[in-house]
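K.L.:
Have a look at this one.
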Amino acid sequence: AYPPMEAREGWKISFKKLLNVLLFSVIFSSFLIISLCPFGSLEPDAVPRGGRSLTILLWTWPFGSSFNFTECSELLGVPGCHCHFTTNRSRFCRADAVILHHRDVCGDRERLARLPRLPTQPWIWLNMESPSHSSNLSAMDNLFNLTMSYRRDSDIFVPYGELQLLGQPQPVTIPHKSKLVAWVVSNWQEESHRVRYYQELRKHIPVDVYGKNHTPLAQDKLLATISQYTFYLAFENSQHQDYITEKLWRNALSSGTIPVVLGPPRDNYERFLPPDSFIHVDDFGSAQELARFLFELAWDAERYRGYFQWRRWFQPVLGTGWAWRLCRACHFLHTTEPRYRPVSHLAAWFM
Ligand SMILES: *[C@@H]1O[C@H](CO)[C@@H](O)[C@H](O)[C@H]1NC(C)=O
Ligand SMILES: *[C@@H]1O[C@H](CO)[C@@H](O)[C@H](O)[C@H]1NC(C)=O
Ligand SMILES: *[C@@H]1O[C@H](CO)[C@@H](O)[C@H](O)[C@H]1NC(C)=O
Ligand SMILES: *[C@@H]1O[C@H](CO)[C@@H](O)[C@H](O)[C@H]1NC(C)=O
């Protein structure tokens, strides 16, 4: 009825073992906790690990134009978020990460694929253009480890702008309006959705068009000029998920007017903006109906003000500037545990 001696011995031995294992794991796990979180409870997404300066190689200046790098800890207001940026390729082997701008590398996949790369060095695909204006996307499959774009589901999300929650509600001030509808357009494509929509809209409401081949408008006069308008046509050059650019964030919102948007569907805009902060062309059956609505709204001061009420709590901030974007990458690399995966279907994802 008793267990044989051997079995009892075995049980004794494994009890000893178990004690050892327990003791070891208590010591080891506290060591782990201490070494991973040297300052107690860290918020993993906010505080840079260690504060070591990371070297980030920018493979080319985006579109070939240089700019000044900034100190990310200052720009982001995050102490310890230090990165040393360089475009000097002799740093390639020692760089903690490499950022490659799509337009400047998409013509030569072979050359990139041949580079001897460190297995631990993530390559970051950077692109702010929409799929319609990104050639050779499929040539970029299986080269990168992280994505960086205006798409919200990028590893490193770099939007053209975003809303910032104010600490205190602010009184709303609306710039004085003396004109009706403005549009600034530089890339005029006769067959594009936005130009065809404009051609229809102008039959029913006057639209002042600025930009190349239209009324010239200097950059430093842009916001002051647009702010006089009751509405601004924030028409994107192509329609893609999350592709909402400075046409909305700067031209329309920073100038203090109401954007009339043409881009992705309304529910996509509503992931970035309150529903009553913009007018969507899809809300109307035709350009004529939209025009009628704009006339009504322009004459209804109370209803017009309704489109500004969100500004009591939020302010639009611009995400433009390459230096700022690079700092978002710096922050990501500092704060996110490496979980790099080869981006195998970049084209399929981005399209
Ligand atoms: C970069 O900084 C230098 C010195 O502060 C300044 O003269 C130059 O205009 C800046 N360049 C750009 C592109 O902002
Ligand atoms: C690039 O880095 C190398 C090695 O660090 C250095 O010798 C070289 O002068 C640098 N080139 C430029 C243009 O700064
Ligand atoms: C696309 O890639 C091919 C082959 O690498 C290249 O010949 C072509 O110039 C590239 N197109 C663009 C627009 O870069
Ligand atoms: C990055 O992606 C490349 C190409 O897909 C792959 O060979 C490499 O192992 C990946 N590196 C990391 C750190 O995940």
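Read-outs throughout are calculated quantities, based only on the coordinates presented, and are distinct from any laboratory measurement. Just so you know, these numbers come straight off a predicted model, no measurement behind them. Methodologically, a virtual Cβ is constructed for each residue, glycine included, from the backbone with ideal geometry; neighbour enumeration extends over all protein chains shown.
K.L.:
Can you give the direction-averaged projected area of the convex hull of the alpha-carbon atoms in region 59-99, in nm²?
P.N.:
3.4 nm²
K.L.:
Along Cα→Cβ, 7 Å out, is where each label goes; now give me the distance between the ones at T55 and L165 in nm to one decimal.
P.N.:
4.0 nm
K.L.:
In addition: Quick check: from the Cα gyration tensor, does region 163-318 come out rounded (a/c under 1.5), prolate or oblate? Each step should come with its number before you reach the end.
P.N.:
Details: a/c = 1.35, a/b = 1.33, b/c = 1.02.
Rounded, because the longest to shortest axis ratio a/c is under 1.5.
K.L.:
What fraction, in whole percent, of alpha-carbon pairs in region 276-333 exceed 13 Å separation?
P.N.:
Counting pairs separated by more than 13 Å, the tail of P(r) holds 73 percent.
K.L.:
Scale the Cα Rg of region 247-309 by the rule-of-thumb value 2.2 N^0.38 Å and send over the ratio, two decimals.
P.N.:
It is 1.09.
K.L.:
Listing V261, V209 from the residue with the fewest other Cβ atoms within 10 Å to the one with the most, what is the order? Write out the running numbers ahead of the final one.
P.N.:
Numbers: V261 25, V209 17.
So the ranking, lowest neighbour count to highest, is V209, V261.
K.L.:
Throw me the Rg/Rh for region 307-351, computed over C-alpha atoms with Kirkwood Rh, two decimals.
P.N.:
1.17
K.L.:
Now, a different point. How large is ³J(HN,Hα) for each residue in region 151-156, as worked out from phi by the Karplus curve 6.51 cos²θ - 1.76 cosθ + 1.60 (θ = phi - 60°), to whole Hz, x for Gly and Pro?
P.N.:
Karplus-based 3J(HN,Hα) across region 151-156 equals 5, 4, 8, 6, 4, 10 Hz.
K.L.:
Neighbouring Cβ atoms within 10 Å as the yardstick, rank E191, E162 fewest first.
P.N.:
Going from least to most buried by this count: E191, E162.
K.L.:
Highest mean first, how do 269-281, 83-95, 238-250 rank when packing is the count of other Cβ atoms within 10 Å averaged over residues?
P.N.:
Result, highest mean first: 238-250, 269-281, 83-95.
K.L.:
For R292 and L222 in one chain, what is 0.36 nm times their gap in residues minus the Cα-Cα distance, to one decimal in nm? Show your work: numbers first, answer last.
P.N.:
Numbers: separation 70, 0.36 × 70 = 25.20 nm, distance 2.66 nm.
Separation in residues times 0.36 nm, less the Cα-Cα distance, equals 22.5 nm.
K.L.:
Oh, and also: Can you give me the Cα centroid spacing of region 72-138 and region 263-335 in angstrom?
P.N.:
Here the answer is 30 Å between Cα centres.
K.L.:
Take the Cα of T87, step 7 Å along the line toward its Cβ, and report every residue of region 123-142 whose backbone nitrogen sits under 19 Å from that point.
P.N.:
Residues 124-129 fall inside that zone.
K.L.:
Take W349, W59 and order them by how many other Cβ atoms sit within 10 Å, fewest up front. Numbers along the way, then the final one.
P.N.:
Working: W349 14, W59 20.
So the residues, fewest neighbours to most, are W349, W59.
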